[in-house]
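The values are calculated or read from the model by the stated rules, or taken from the named source; none is laboratory data. Just so we're clear, the structure is a prediction, and the values are computed from it rather than from any experiment. With ideal geometry, Cβ positions are generated from the backbone for all residues, glycine too; neighbour counts draw on all protein chains shown. Calculation scope for accessible area: heavy atoms of the full protein, side chains included, ligands and nucleic acids excluded. Shrake-Rupley method; radii C 1.70, N 1.55, O 1.52, S 1.80 Å.
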Amino acid sequence: MSANSLVISPSILAADFSRLGEEVRDVVQAGADWIHMDVMDGHFVPNITIGPDVLKGLRRWTDRPFDVHLMISPVDLYLEAFAKAGADLITAHMEAGPHIHRTLQAIRALGKKVGVTLNPGTSVSLLEPVIGMVDLVLVMSVNPGFGGQAFIPEAVDRVRAIRAMARGKALRIEVDGGVGAENAGLLAAAGADTFVAGSAVFKGGASVYAANIEAIRAAARQGAKAATLPELPVEA
Ligand code: DX5
Ligand code: ZN
């Protein structure tokens, strides 16, 4: 269970890239709390997306926080460019290089919120030395690189383990990959409070973005509430 408010962060990877500005505007009007931006380099992950100039252009379309997920290696060289382009939170991969501690220090020094993320095959125990340095841990619930992949259910237990490791700190736990109304409740009950969704938000076009976001939020709210209920007495 988390003390933080629930955040829905639509991933614009699933938006129409020919009209990204309008898509950001529409999804914010539909209730998005943050905008999740997936940056891929064709090296750390087998896909290439967008860079800091696109973020700079999109920044004009909304005041909502940009949640920038860097799937690039090396990463340190590009932090300043994303900070200057208007990122609010910058998340780096544990696996992107040997110096994650330095990377997290650098994001903090740029005055941005600090996020760290782990691939599904990376042990959560690696977070122990850095968990005190971050505002957010992003749990990948797919192998990064593409939208529209199936949710890996072990992510739920990983969220629970990280929430326990946070020991009451108001750490945000975000989940990314295959997230939708069907699993947001379980994730919230385990301690997640921040939900990235690409396909589940952008499916069906702008007229249903609000309904799509609300479905995820409602499921997450139910899950978070269930996590706070006392255990029912056992019938004799
Ligand atoms: C995957 C990205 C995700 C992706 C999620 O590497 O980090 O943010 O866009 O897309 P869906 O919600 O479609 O799985
Ligand atoms: Zn992402």
So how many residues does the stretch 53-77 have that are surrounded by 19 or more Cβ atoms within 10 Å (Cβ to Cβ) and away from ligand 2 (no atom under 15 Å from the Cβ)?
1
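Being surrounded by fewer than 19 Cβ atoms within 10 Å (Cβ to Cβ) and within 16 Å of ligand 2 (Cβ to nearest atom) is the requirement here; does T91 meet it?
Here the answer is no, as T91 does not meet what is asked.
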Could you check S11 against (1) more than 11 Å from ligand 1 (Cβ to nearest atom); (2) in contact (Cβ under 8 Å) with a residue 12 or more places away in the chain and say which number it fails?
(1)
Filtered residues of the stretch 109-121 (kept if open to solvent by 30 Å² or more (accessible area, probe 1.4 Å) and of a type in the set (A, V, I, L, M, F, W, C)):
A109, L110
Here the residues within the stretch 135-154 that are β-branched (V, I, T), closer than 14 Å to F195 by Cα and either within 6 Å of ligand 1 (Cβ to nearest atom) or assigned to a loop (DSSP other than H, G, I, E, B) (or both) are V142
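Anything in the stretch 94-108 that is more than 21 Å from G42 (Cα to Cα), in contact with a Leu (Cβ under 9 Å, 6 or more places away or on another chain) and surrounded by fewer than 21 Cβ atoms within 10 Å (Cβ to Cβ)? List them, or say none.
Answer for the stretch 94-108, where residues must be more than 21 Å from G42 (Cα to Cα), in contact with a Leu (Cβ under 9 Å, 6 or more places away or on another chain) and surrounded by fewer than 21 Cβ atoms within 10 Å (Cβ to Cβ): just A106.
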Just name the residue that is farthest from ligand 1 (Cβ to nearest atom) out of those in the stretch 116-134 that are free of Cβ contacts under 8 Å to residues at least 40 places away in the same chain and polar (S, T, N, Q).
S125
I want to confirm something. Restricting to the stretch 1-17 and keeping residues that are polar (S, T, N, Q) and part of a strand (DSSP E or B), which single residue is nearest to ligand 2 (Cβ to nearest atom)?
S11
Considering the stretch 18-38, residues that are of a type outside the set (A, V, I, L, M) and under 11 Å from R64 (Cα atoms), and then whichever is nearest to ligand 2 (Cβ to nearest atom), we arrive at H36
Have a look at A150, A197 and point out the one that is surrounded by fewer than 17 Cβ atoms within 10 Å (Cβ to Cβ), of a type in the set (A, V, I, L, M) and over 24 Å from R108 (Cβ atoms).
A150
Out of the stretch 1-24, which residues are open to solvent by 30 Å² or more (accessible area, probe 1.4 Å) and within 18 Å of E214 (Cβ to Cβ)?
S5, L6, A14
